[in-house]
Every structure is written in C-alpha cells, then in structure tokens.
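Peer 1: The structure's right below; bear with me while I get my questions together.
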Amino acid sequence: MSNRTKHVLIATPLGEGGMGGIDRIMDEVRKIARLKSPDHVSISFGATRGQGNILLSPLYLVSFLARMALLKIFGRVDILHVNLSSHGSTRRKIIVARWARLLGIPYVIHLHGSRFRQFWNESPPTVASAITRMFASATRIIVLGNVWKSFVAEKVPSASDRIVIIPNATPTPRLSAVEDQAGRLRILFLGRVGARKGVPQLVEALSILPKGGTWRATIAGDGDLEATRQEIKRLGLSDRVALPGWVGPDEVAELLSESDVLVLPSFDENLPMSVIEGMAAGLAIIATPVGAVEDIIIDGKTGLLVPTGDAKAIADSLQILLEQPELRKTLGENARRWHVERLEIGMYFNRLVDLWTGKITL
C-alpha cells in the first residue's frame, strides 16, 4: 500500500460544538485526531448546515461545496465522509454527493438518522430516486446496527456488499460513580423531551412508583419542557422529578456519575448516544427495542427491554431495579464491560481510519 497521505474530509451538520448526536460523536473523532493523528491520514471537517439560523444553511452548504472543489484542485481530498440524517440533512447531502461525483471524489455515507426509514419511504419519487443514487454510488456505507444494514440492503441491493456496521461510541467516563447517601434509586433520562422519546410514558411510569423517598428522577434535555413540567406537577411528582432542560457535556457527565438507572423509552431511534453513555457509566439501562438498540441491550444481560408506549412495563422494570440492587449492579457491570469491549471511542476511531484506508473487513 502507498505511504502517501490520505486526505479525509468529514461533512458534519452543525460543526464543532453542535448539540446533535452526529456532531457530538464527530467532535470526539476530532479530539482524537488532534491528539494522535494517524500515520498517512489527514482529517479535516466542514459544516453543511451550520449552527446559526436555518435560513443561513444555504450559505454553509455553498461554502462547503466550494471548499470541496478547492481541495480537489490542490489534491487535498481523497475521500469524503458524509454524515447523514433525514429531511433537510438528506436534501443537503444529495447535493453534496452529486457534487462529489462530478468532482470525482469517492465518498462514504454514514447513516445516523433515527427517522430515516420513514423519510425515505415517504419521499416523493424524485427525492427517493436521488437517495437511492446517493447510496448506490457510495464507496462504503456505514450503518449503526443490523436492522439498518438490512434496511439499506433491501432498498439498494447493489450496495449490499459495501455496507459495514460501526456502532456509535463514547469515551470512558471522566467522573467516578457517586453513591447516594440516602440510598435512593436515581433515575435519569437524557434526550429531547417529548413524545418521540417516550417522555409522557416515562412520567406516567414514575407516577406508578411508590410515593415514598426511595427514588428520584431527572429528565434532562430540551424540547417540550412546559407541557412535561405541568404533567409532573399534575401527578404530584414535582418534589421527586427534576426537569433542568438542556445540559452540556460537563453536566451530562455529572448526571451520569450521580445516577443508577438510565431510561430511554423511545418510539424510534438509530443507536442512541445516551444509552451508550449510560452503559459506559455502568448504569442499569431500561430501553425500548427500536432501531439498533437490541444490538447492544441484551434483555436481562446488559439492560432491560420494554415494549414501546407501555408505561406500566417501564414502571415494573423500575420497581424490579428498586427492589433488587444486586440485579441493578450486575446489569450495570455487564453494560460497562460491553462498552469497554465494543463501544469505546478509541476503537471507533480506529475502525473509521481502517475504512478510509481500505483495511476494514466487510
């Protein structure tokens, strides 16, 4: 293999410091690349949507396309890594992929969007055809789990031998676990507060739990905060359920270190970062079997799975973990071990490098 440096350009939606899951994981890739740039690989990043008003997104997109052309002219891009979600992200990336083909730049599609299946299936024919062309022309297609590999292979059979599973990953937690001196079960939700993430069912489940001081919960994230706050108040849970709104990385780290259980009762996901963060922190996980969640949460081993939309099942699982601290501890330890062996960010970075340099085995 040639020792010539391979130049990789990574397209992210918001850019460094973006709040979305794609940007968060790409920020971790960025940190590792800065600390230990791999031999013969040069990695750069560019935003295609930007963090400002959505009306400014065309300017970011045009700027990114111009940068691609300049890098091509000067021989500074060998492969384009396209992070893809649904809706506006897909429309922008269709343009990016078409431009890459015109410039003769090979590209990798990295599918993250939790609602991408619905979006593709419900798109008008012209958009659906453009999505198919984008995938069919990709050098490699990264998906986050088996369910997504099957979906893309069914939609674009000609690309089935170019699909590789690389699950999301997170760093090892910076903070050690903190015991609750009162012996309460500390329940945590991280994500966008609203119906898609199953927050109404979670709040209902919390209302079923014992009313004593044996537990407390934090529902952290942006979204439909006022309606959730009113429902918490209506159910008499205000003294036991905190709703801090959006929290940054430092606050997330603290919340994880001060919790025992992470609950994510979503109706659809790709592979949620919050579940992986909870596993890394050694929390017992309660989640729904959506997206690629079942690839990492093995019911009764690395966490507990509950049906979507079932508040009673969530409550029952929480009650079990409340009454069986040893089970809670075992699930958390198994989850932490799974993270160390399969979902640690350093291994994730190495797999991306292997894919870019053609070393990865499909």
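Peer 1: So if each residue of separation counts as 0.36 nm, and I subtract the Cα-Cα distance between residue 257 and residue 180, what length gain in nm does that give?
Peer 2: Additional length available on full extension: 26.7 nm.
Peer 1: Rounded, prolate or oblate: pick one for segment 271-333, where a ≥ b ≥ c are the square roots of the eigenvalues of its C-alpha gyration tensor, a/c under 1.5 means rounded, and failing that, prolate if a/b is larger than b/c, else oblate.
Peer 2: Working: a/c = 1.96, a/b = 1.09, b/c = 1.80.
Oblate shape, in that a/c is at least 1.5 and b/c is the bigger or equal ratio.
Peer 1: Right, another one. Would you please state which residues of segment 83-106 a label at residue 69 would reach in this model, taking the label point 7 Å out along Cα→Cβ and a backbone N cut-off of under 19 Å?
Peer 2: 92-106
Peer 1: Another question, if that's okay. Given an 8 Å cut-off on Cα distances and at least 6 residues of separation, report the relative contact order of segment 1-119 as a percent.
Peer 2: Details: 170 pairs, mean separation 33.6, N = 119.
Reported as a whole number, the value is 28 percent.
Peer 1: Here is a follow-up. Residue farthest toward the positive end of the dipole of the chain, with Cβ of Lys/Arg at +1 and Asp/Glu at -1: which of 345, 134, 271?
Peer 2: Checked the options; the winner is 134.
Peer 1: Same structure again: Taking the beta-carbon count within 10 Å as an exposure proxy, list 119, 74 from fewest neighbours to most.
Peer 2: With the fewest neighbours first, 119, 74 line up as 74, 119.
Peer 1: If you place +1 on the Cβ of every Lys and Arg and -1 on the Cβ of every Asp and Glu, how big does the dipole about the Cα centre of the chain come out, in debye to the nearest 20?
Peer 2: Using Cβ point charges on Lys, Arg, Asp and Glu, the chain gives about 1500 debye.
Peer 1: Which trypsin sites (Lys or Arg not before Pro) in segment 264-362 sit in a loop by DSSP (not H, G, I, E or B) and have at most 14 other Cβ atoms within 10 Å of their own Cβ?
Peer 2: Taking segment 264-362 and a limit of 14 other Cβ atoms within 10 Å, the loop trypsin sites (Lys or Arg not before Pro) found are 301, 359.
Peer 1: Measure of size requested: the Rg and Dmax of the chain, with Cα atoms as the atom set and Å as the unit; please supply both.
Peer 2: Final numbers for Rg and Dmax: 21.2, 68 Å.
Peer 1: Ordered by residue, what ³J(HN,Hα) values in Hz, to whole numbers, does segment 158-165 give under the Karplus form 6.51 cos²θ - 1.76 cosθ + 1.60, where θ = phi - 60° and Gly and Pro are x?
Peer 2: 5, 9, 4, 7, 10, 8, 10, 8
Peer 1: What percent do you get for the relative contact order of the chain when only Cα pairs under 8 Å and 6+ apart count?
Peer 2: With pairs under 8 Å counted, the relative contact order is 15 percent.
Peer 1: Calculate, in nm to one decimal, what residue 129 and residue 235 gain on full extension: separation in residues at 0.36 nm each, minus their alpha carbon distance.
Peer 2: Using 0.36 nm per residue and subtracting the Cα-Cα distance, I get 33.3 nm.
Peer 1: Give the residue from 109, 230, 303 lying farthest towards the positive end of the charge dipole for the chain; charges sit on Cβ (+1 for Lys and Arg, -1 for Asp and Glu) and the dipole is referred to the Cα centre.
Peer 2: Going by the charge dipole, the pick is 109.
Peer 1: Rounded, prolate or oblate: pick one for segment 185-342, where a ≥ b ≥ c are the square roots of the eigenvalues of its C-alpha gyration tensor, a/c under 1.5 means rounded, and failing that, prolate if a/b is larger than b/c, else oblate.
Peer 2: Rounded, because the longest to shortest axis ratio a/c is under 1.5.
Peer 1: Shifting gears a bit: Tabulate in residue order the Karplus-calculated ³J(HN,Hα) for segment 79-95, using 6.51 cos²θ - 1.76 cosθ + 1.60 with θ = phi - 60°, rounded to whole Hz; enter x for Gly and Pro.
Peer 2: 8, 10, 9, 9, 7, 10, 10, 10, 6, x, 4, 5, 4, 5, 6, 4, 5
Peer 1: How would you rank 291-300, 61-70, highest first, on the average number of other Cβ atoms within 10 Å across their residues?
Peer 2: 291-300, 61-70
Peer 1: Can I ask one more? Rounded, prolate or oblate, given the Cα gyration tensor of segment 95-147, with a/c below 1.5 counting as rounded?
Peer 2: oblate
Peer 1: Now for a different question. Could you put 26, 19, 279 in order, starting from the residue whose Cβ has the fewest other Cβ atoms within 10 Å?
Peer 2: Placing the least packed residue first, the sequence is 19, 26, 279.
Peer 1: Quick one: Karplus J couplings for segment 207-212, per residue in order, coefficients 6.51, -1.76, 1.60, θ = phi - 60°, nearest Hz, x for Gly and Pro?
Peer 2: My calculation for segment 207-212 gives 5, 7, 5, x, 7, x Hz in order.
Each reported figure results from applying straightforward, stated rules to the coordinates on display, with no laboratory input. If you're wondering where the values come from, they're calculated on a predicted model, not measured in any experiment. Positions of Cβ are generated from backbone atoms using ideal geometry, with glycine treated the same way; all protein chains shown enter the neighbour counts.
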